[in-house]
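Colleague: Please find one structure pasted underneath; my questions will follow.
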Amino acid sequence: MVKKKTCVFISGQGSNLKNLISYSRKVNFPIKISLVISNNKKANGINYAKKYRIPYVFINTKVQNYNNKILLNLKKYNISFICLAGYMKIISNNLIKNYQKKIINIHPSLLPKFKGLNTFSRMIKNKETKAGCTVHYVNKKLDSGNTIIQKSFFLGVKDDEEILKKKTQKLEHLAFPEAIIKIFRNSSF
Ligand code: GRF
């Protein structure tokens with residue numbers, strides 16, 4: 001099996017990146033993480049790229065033309081698939097056009113509920129009974145592309161934001177690799 005060369009975009013902690021790296025090192029997992037892009041120089045996730053000797057690039061999104069720099073790097077490393085894993089920046093339309101149906105994102109809610117930021121505090125305020133995560137394709141509208149996989153759990157009475165985050169991330173670490181396997185199982189990608 002030829003693994004698809006994949007770039008993971010991050011901004012922070014990088015627990016999903018770490019998890020995807022460990023899956024990608026298994027023989028039958030369909031992707032190889034060939035590049036990590038971070039828009040935050042201090043992102044902890046960069047340490048995982050370093051540890052596993054994966055090329056990484058810092059993109060300063062405050063300068064004009066940063067999108068070109070992203071595209072150039074994707075081309076340079078022959079990237080054919082993109083995973084957004086806690087990337088806190090909107091992806092450009094041009095990038096979406098260049099990678100139609102080849103960019104996926106993980107979001108900490110049961111979409112279409114709670115698009116955008118601060119999902120956990122809004123869930124608690126709304127007295128939700130169920131929480132979870134969604135892996136979806138990325139299109140031009142924020143957190144609105146087709147769902148690939150969702151995983152859910154029932155909120156406990158004592159669940160605060162911190163507990164919700166922990167429970168959600170535990171599910172994310174199962175959902176992201178499962179979604180990738182699902183995509184490549186049936187597709188003529
Ligand atoms: C995840 O909870 C993901 O749902 C959200 O950002 C968080 C990133 O976590 N989009 P990490 O950096 O992968 O630990």
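Colleague: In terms of modelled amide H atoms, which long-range or inter-chain residues lie less than 5 Å from the amide H of Leu84?
Modeller: Phe9, Ile104, Asn105, Ile106
Colleague: If eta is 1.567 mPa s and T is 4 °C, what Stokes-Einstein diffusion coefficient results for the stretch 87-141, Kirkwood Rh from Cα pairs, in µm²/s?
Modeller: Taking Rh from Cα pairs, D becomes 104 µm²/s.
Colleague: Considering the chain, what Rg and Dmax in Å follow from its alpha-carbon atoms?
Modeller: Rg then Dmax for the chain, in Å: 16.2, 50.
Colleague: What list of ³J(HN,Hα) couplings, whole Hz, do you get for the stretch 81-96 from phi and the Karplus terms 6.51, -1.76, 1.60, once you set θ to phi - 60° and write x for glycine and proline?
Modeller: 8, 10, 10, 8, 10, x, 8, 8, 9, 6, 7, 6, 4, 4, 5, 4
Colleague: Starting from the Cα-Cα distance between Glu162 and Lys3, subtract it from 0.36 nm times their residue separation and give me the gain in nm to one decimal.
Modeller: Going from the current span to full extension adds 53.7 nm.
Colleague: Helices from the chain with mean Kyte-Doolittle at least -1.0 and a Cα length along the axis of 24 Å or more, per DSSP H: which?
Modeller: Helices meeting the criterion: 161-186.
Colleague: Could you give log10 I(q)/I(0) at q = 0.15, 0.17, 0.29, 0.33 Å⁻¹ for the stretch 36-83, computed by the Debye formula over C-alpha point scatterers of equal weight, without solvent?
Modeller: The calculated log intensity ratios at q = 0.15, 0.17, 0.29, 0.33 Å⁻¹ are -0.40, -0.52, -1.18, -1.24.
Colleague: Let me ask something else. In nm, to one decimal, how far is the modelled label at Asn146 from the one at Lys97, with both set 7 Å along Cα→Cβ?
Modeller: 2.2 nm
Colleague: What is the set of long-range amide H partners of Tyr52 at a cut-off below 5 Å, with H atoms built 1.01 Å from backbone N?
Modeller: none
Colleague: Do me a favour and compute the ellipsoid semi-axes for the stretch 103-182 from its Cα gyration tensor, root of five times each eigenvalue, largest one first, whole Å.
Modeller: 21, 14, 9
Colleague: Over 5 Å intervals from 0, what percent of Cα-Cα pairs in the stretch 1-106 sits in each interval?
Modeller: In whole percents, the pair-distance histogram is 2, 13, 25, 27, 20, 9, 2, 1, 0.
Colleague: Please list the non-local residues whose amide H lies under 5 Å from the amide H of Gly145, H modeled 1.01 Å from N, same-chain partners needing a gap of 5 or more.
Modeller: Asn139
Colleague: At a Cα cut-off below 24 Å, give the lysines reachable from Lys125, other chains included and same-chain residues fewer than 8 away excluded.
Modeller: List returned: Lys113, Lys115, Lys151, Lys158, Lys165, Lys166, Lys167, Lys170.
Colleague: Contour minus end-to-end for Gln64 and Lys89, with contour as 0.36 nm per residue of separation and end-to-end as the Cα-Cα distance?
Modeller: 7.6 nm
Colleague: Right, something else. Among DSSP beta bridges lying fully in the chain, give the percent that are antiparallel, nearest 5.
Modeller: 40 percent
Read-outs: derived from the displayed coordinates by stated rules, not from any lab. None of these values were measured; they are calculated from a predicted model. Note that we place each Cβ from the backbone using ideal geometry, even for glycine, and neighbour counts take in every protein chain shown.
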